[in-house]
Amino acid sequence: MGADARERYDSALAGVWGDLGRTLSRLESLAAEPDYLDESALDVLPHLQYSLHRAGELTAGIRPPSGHEGAHEELAAALEDARDLTADAADALEAGGGAAVAVLVHEWRGALFRVRLARHRLSTAPVPDDHTPPEPRRPPIGALVATVLVTVGVALFASGAVLAVWPLWAAGLGLIAGGFFAYRP
């Protein structure tokens, strides 16, 4: 499997993520203020929970490219946790209102964040390279020239200072200065 499989995988995940992104946004807005949850939230939460369930099933039907199985499993597990905690929040809301949901809010918001984090890890996972490794980069020739100029310049400067020969000392300073101009990163 190569880049073609990765493109198909990314495309399939994009289809899942379109609806899932809206679902997560709505759930996060509900979880942001649990004290204000009311009967209307009881009507919405089961639909959002089902959307998480459907995204989990769709994700389970997608075959990840080699090397991305762990991140894909993390996304599936995160979707399952978010679905279960959304159900727990709906049950708590029905049983005790917004105050009962407030007890679960940190865990619930964490589960929703975990879904986004898992999706992010999938989108930034490095693509395994099936080709030969790239050639090692050679340092730029200017860096080599600058190193030689500075090294020789320091030796000339030190020699000129020890021997009290000012032309040698001045030549060393000139080579050191030339090294700074030979290479600029």
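Each reported figure results from applying straightforward, stated rules to the coordinates on display, with no laboratory input. Owing to the predicted nature of the structure, the values given are computational and were not obtained by experimental measurement. Note: ideal-geometry Cβ built from the backbone for every residue, glycine included; neighbour counts use all protein chains shown.
If one computes the Cα centroid of the range 142-162 and of the range 37-116, what distance in Å separates the two points? With the range 142-162 and the range 37-116 each reduced to a Cα centre, they are spaced 65 Å. Length available on full extension from Trp166 to Ser40: 0.36 nm per residue minus the Cα-Cα distance, which gives 36.4 nm. The calculated FRET efficiency for Ala99 paired with Ala77, based on their beta-carbon distance and R0 = 35 Å, is about 0.75. Compute the long axis of helix 166-182 from its Cα atoms, compare it with the longest principal axis of the Cα atoms of the chain, and write down the angle in degrees, 0 to 90, nearest 10. That works out to roughly 30 degrees. In the elastic network of the chain, a GNM with C-alpha springs shorter than 10 Å, the most mobile of Glu74, Glu39, Glu57 is Glu39.
Between 0 and 90 degrees, the angle of helix 39-60 with respect to the longest Cα principal axis of the chain falls at about 60 degrees. Projected onto their three principal axes, the Cα atoms of the range 141-182 cover extents of 33, 12, 8 Å, largest first.
Taking the C-alpha atoms only, the angle from helix 3-32 to the longest principal axis of the chain is near 60 degrees. Taking only the Cα atoms of the chain, the radius of gyration and Dmax are 30.8, 94 Å. Given their separation in residues at 0.36 nm each and the Cα-Cα distance between them, Val154 and Glu28 gain 39.0 nm when the chain is fully extended.
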